[in-house]
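Asks: Could you have a look at this structure, given as structure tokens, before my questions?
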Amino acid sequence: MLPFHQAAESDFLKVNELIVEQLHSEVGMVENIGHYIIEAGGKRLRPLLVLLSAKSCGYAEQQHIPLAAVIEFIHTATLLHDDVVDTSELRRGRTTANAKWGNAPSVLVGDFLYSRAFQMLVAIGNMDIMRIIADATNIISEGEVQQLINAGNPDISEADYYQVIKKKTAQLFEAATHTGAVLSGADRQVAEQLRVYGYHVGMAFQLVDDVLDYQGASEDLGKNVGDDLAEGKPTLPLLYTLKNGNRDEQKLVRAAIEQGSAEHLEAIVEAISRCGALDYTLEQARRHAAQALDYLVALSDSAEKTALEKIARFSVERSY
Ligand code: IPE
Ligand code: IPE
Ligand code: MG
Ligand code: MG
Ligand code: MG
């Protein structure tokens, strides 16, 4: 557990229990793969955001527990699919499900998790929450497809990049904080502030993820570094270098994106740090985290609010 989990510790333990319980299936392979990825851990940031958002708005009932589990199921489903799409081999410190069982089982168990999440949502029975989560899930898929289209193309704009990360990542953070607030019956204005807070945390989180894919340590991350380069993904560190690097650096990065090859990973890490691309990307993440904090100002003080502030800072300072 990270320090900010303490503010919701007993609820958090209930969410973890419910997650395991809801993995139930009469098909052994579904349970095996489900348990495999869920029990590897993960930071559980998104379900925590649900709990903290609901609690910071004074929620006193129990439906935030299944809502948090729903968000983690959707997140886990995106990870199973994402590792297939990215041909990744390490996740949460373990061999990915696709590397262990193959692509087809991973995709299908991802579908199981999505649909289980929707079964649980129906049981919660709040139409506004269903709408937010249905929309978010749809937009995440769109973002992943847009990213696929952009792969191998060094000529996309920063705006194209931001649109992808907003959809594929910030959208779920936003849905977590927004639905937590809506569940609690918060004022529209407060729910809106928490929604925008979640958006900015999500943006900071993915910007940093894209830095860590070059600069991180795979033992800390539990994922391999260099996966983005291997897929020819034009993330912000590369886009910045294409504009601001010297001629050799630009050439090197352009070729790596076009070929989708991590062959020159070391030289590229050198180039993107030398020309300031990693600093620039982190600076954008810091800006989003600062904006996230601004959207918390109007909330009344509580342990939950303090934890939300810590999460905004963690999204930038993290090394895993
Ligand atoms: C990974 O998310 C996917 C991204 C949006 C970058 P996390 O870094 O939150 O993954 P876990 O759940 O902690 O493993
Ligand atoms: C994460 O993007 C987005 C989703 C999971 C939808 P990445 O592909 O960068 O995530 P990691 O780095 O594999 O966790
Ligand atoms: Mg990936
Ligand atoms: Mg991906
Ligand atoms: Mg990544």
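The values are calculated or read from the model by the stated rules, or taken from the named source; none is laboratory data. Bear in mind the structure is a predicted one, so any value in this text is a computation, not a measurement. Cβ sites come from the backbone with ideal geometry, for glycine too, and all protein chains shown count toward neighbours. Quick note on the areas: whole protein, heavy atoms, side chains included, nothing else; ligands and nucleic acids left out. Shrake-Rupley method; radii C 1.70, N 1.55, O 1.52, S 1.80 Å.
Asks: Be a star and scan region 59-79 for residues whose amide nitrogen sits under 19 Å from the point 7 Å along the Cα-to-Cβ vector of GLN119.
Replies: 65-78
Asks: What is the distance, in nm, between label points placed 7 Å from the Cα along the Cα-to-Cβ direction at GLU158 and at ALA290?
Replies: So the two model labels end up 1.5 nm from each other.
Asks: Right, something else. Select from LEU265, THR281, LEU293 the residue farthest towards the positive end of the dipole of the chain; place +1 on Cβ of Lys and Arg, -1 on Cβ of Asp and Glu, and compute about the Cα centre.
Replies: My answer, from the dipole projection, is LEU293.
Asks: Would you work out which of SER53, LEU79, GLY34 lies farthest towards the positive end of the dipole of the chain? Charges go on Cβ: Lys and Arg +1, Asp and Glu -1.
Replies: Checking the options against the dipole of the chain, the answer is SER53.
Asks: So, one more: Can you tell me how region 3-317 classifies by the Cα gyration tensor, rounded, prolate or oblate, using a/c under 1.5 as the rounded cut?
Replies: Oblate.
Asks: Please tell me which of these pairs span more than 19 angstrom C-alpha to C-alpha: LYS14/LYS43; LYS167/LYS243; LYS55/LYS166; LYS223/LYS310; LYS100/LYS168; LYS14/LYS100?
Replies: Result: LYS167/LYS243; LYS55/LYS166; LYS223/LYS310; LYS100/LYS168; LYS14/LYS100 exceed 19 Å.
Asks: Can you compute the modelled spin-label distance between GLN259 and ASP301, with each label point 7 Å from Cα toward Cβ, in nm?
Replies: Result: 5.8 nm between the two label points.
Asks: Using DSSP to call loops (not H, G, I, E or B), can you name the GluC sites (Glu not before Pro) in region 1-79 whose Cβ has at most 16 other Cβ atoms within 10 angstrom?
Replies: For GluC sites (Glu not before Pro) across region 1-79 that sit outside H, G, I, E and B with at most 16 neighbouring Cβ atoms in 10 Å, the list reads GLU26, GLU61.
Asks: Same structure, new question: Within the chain, what whole-number % of the accessible surface is contributed by carbon and sulfur, with the 1.4 Å probe and all protein chains included in the calculation?
Replies: Percent of accessible area from carbon and sulfur atoms in the chain: 48.
Asks: Kindly identify region 1-124 as rounded, prolate or oblate by the Cα gyration tensor criterion: order the square roots of the eigenvalues as a ≥ b ≥ c, call it rounded if a/c is under 1.5, otherwise compare a/b with b/c, prolate if a/b is larger, else oblate.
Replies: The shape class here is prolate.
Asks: Another question, if that's okay. Suppose every K and R has +1 on its Cβ and every D and E has -1 on its Cβ; what is the size of the dipole of the chain about the Cα centre, in Debye to the nearest 20?
Replies: The dipole of the chain has a size of about 420 debye.
Asks: Between ASP135 and ASN32, what's the calculated FRET efficiency when r is the beta-carbon distance and R0 is 35 Å? Round to 0.05.
Replies: The value I calculate is 0.65.
Asks: Per DSSP helix of 4 or more residues, -39500 (n - 2.57); summed, then divided by the residues of the chain. What does that give at 222 nm, rounded to the nearest 500?
Replies: -23500 deg cm²/dmol
Asks: What is region 140-281 by shape, rounded, prolate or oblate, if you read a ≥ b ≥ c off the alpha carbon gyration tensor as root eigenvalues and call it rounded for a/c under 1.5, prolate for a/b larger than b/c, and oblate otherwise?
Replies: Prolate, since a/c reaches 1.5 and a/b exceeds b/c.
Asks: A follow-up question, please. Write down the accessible area per residue of region 3-317 in Å², having rolled a 1.4 Å probe over the full set of protein chains.
Replies: Per-residue accessible area for region 3-317 comes out at 42 Å².
Asks: If you don't mind, there's one more thing I want to ask. How far apart, in nanometres, would the label points at LYS243 and SER10 be if each is projected 7 angstrom from Cα along the Cα-to-Cβ direction?
Replies: 5.1
Asks: Relative to the present Cα-Cα distance, how much length would full extension add between ASP128 and ALA267 at 0.36 nm per residue of separation?
Replies: That works out to 45.1 nm of additional length.
Asks: Taking amide hydrogens as modeled 1.01 Å from N in the peptide plane, which residues meet the under 5 Å criterion relative to ARG91, leaving out close sequence neighbours?
Replies: The answer is THR96.
Asks: To the nearest 10 degrees, how steep is helix 127-150 against the longest Cα principal axis of the chain, on a 0 to 90 scale?
Replies: Approximately 10 degrees, to the nearest 10.
Asks: On a 0 to 90° scale, report how tilted helix 247-259 is relative to the longest principal axis of the chain, with both axes built from alpha carbons and the result rounded to the nearest 10.
Replies: Around 60 degrees separate the two axes.
Asks: Right, another one. Run the reach check for LYS251 against aspartates and glutamates, Cα to Cα strictly under 19 Å, same-chain hits fewer than 8 apart removed. What comes back?
Replies: Within reach: ASP155, GLU158, ASP228, GLU231, GLU263, GLU266, GLU270.
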